[in-house]
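Everything on this sheet refers to the single structure shown next.
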Amino acid sequence: MVAVLDDAKAMDIQVFDVTEQTSITDRMIIASGRSERQVKSMAEKLVARAKQEGIKPLGVEGEQGDWVLVDLGDLIAHIMHPTTRAYYQLEKLWSEDRRDAENQS
């Protein structure tokens, strides 16, 4: 799925292994698009590729906005406009640095 986003010209693609943090998924992908149109297009391409691979998406949320979430079960992709991404800072929520800090507390 990273290759699909890369081909769609996604910016700042990051993948997080979240198996130790949550039971809802194994991996999170966070990527940015330059416009709402690009964000939506990247989500559509992810869904199309998943279906080609025999993966039925469990859900797609926010298709008309600047943040689209694509739930593929073992993988959840957050595709966001850079302004929205900066505001919510999901990387901080799922990063190794945060887990390390919590473990030291």
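The values are calculated or read from the model by the stated rules, or taken from the named source; none is laboratory data. Small disclaimer: the values here were computed from a predicted structure and weren't measured. With ideal geometry, Cβ positions are generated from the backbone for all residues, glycine too; neighbour counts draw on all protein chains shown.
Step by step: first the residues of the stretch 7-22, then only those that are closer than 15 Å to residue 39 by Cα and among the aliphatic types (A, V, I, L, M), then the one that is surrounded by the fewest Cβ atoms within 10 Å (Cβ to Cβ). Which residue is that? Ranking the candidates gives 11 first. A count restricted to the stretch 45-86 and to residues that are in a loop (DSSP other than H, G, I, E, B) and in contact with a Gly (Cβ under 6 Å, 6 or more places away or on another chain) stands at 1.
Of all the residues in the stretch 1-44, those that are among the β-branched types (Val, Ile, Thr), in a helix (DSSP H, G or I) and under 14 Å from residue 67 (Cα atoms) number 1. The condition (being at pLDDT below 95 and not basic (Lys, Arg)) is satisfied by just one residue among 73, 65: 65.
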